[in-house]
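Have a look at the structure below, then the notes.
The values are calculated or read from the model by the stated rules, or taken from the named source; none is laboratory data. Fair warning: this is a prediction, and the values are worked out from it, not measured in the lab. Virtual Cβ from ideal backbone geometry, glycine too; neighbours counted across all protein chains shown.
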Amino acid sequence: MVTLLVPIVALIGALSGSFVLLDYVNVITEGAWTGIDLFMGLLISRAMRSLDPPTRAEIIKRRSMMLFFMLALASATTTGVYIAIHTYLLSSLNRLFLIVVQ
């Protein structure tokens, strides 16, 4: 259930027009993405090596929602960064360019 909330909250944050909410959602999703990725890569991979192949296969089958969750976190993070850069940074640079040119 939490897996489905991540893209919805990220979409609300992106469409709200609030930079603070967009930045908050972006930092939270990026931190969760990095933390889970490191945890799964460093700790779970070492534990999986010691298991026999049928047990490994059973664990991987039960982690199917984790694959969607990581995809949702990655999508929310990259979308948030794109919207923040496109909306706030590029509009500031355009205004700066217009001021310098005039």
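Note on region 35-79: among residues that are polar (S, T, N, Q) and touching a helix residue (DSSP H, G or I) at 6+ places or on another chain (Cβ under 8 Å), the one that is surrounded by the fewest Cβ atoms within 10 Å (Cβ to Cβ) is Ser75. Considered as a group, the residues in region 13-28 that are at pLDDT below 75 and in a helix (DSSP H, G or I) include one that is surrounded by the fewest Cβ atoms within 10 Å (Cβ to Cβ), and that residue is Leu15.
Scan region 42-62 and give yes if some residue there is outside any helix (DSSP H, G or I), out of contact with any strand residue (DSSP E or B) (no Cβ under 6 Å at 6 or more places or on another chain) and within 30 Å of Ile12 (Cα to Cα), otherwise no. Reasoning before the result, please.
We begin by selecting, within region 42-62, every residue outside any helix (DSSP H, G or I); these are 50-52.
Pick out the ones that are also out of contact with any strand residue (DSSP E or B) (no Cβ under 6 Å at 6 or more places or on another chain) and you get 50-52.
Narrowing further to those that are within 30 Å of Ile12 (Cα to Cα): none.
For region 42-62, residues outside any helix (DSSP H, G or I), out of contact with any strand residue (DSSP E or B) (no Cβ under 6 Å at 6 or more places or on another chain) and within 30 Å of Ile12 (Cα to Cα): absent.
When each of Thr87, Thr3, Thr34 is tested for being in a helix (DSSP H, G or I), at pLDDT 80 or above and of a type in the set (Ser, Thr, Tyr), the lone residue that passes is Thr34.
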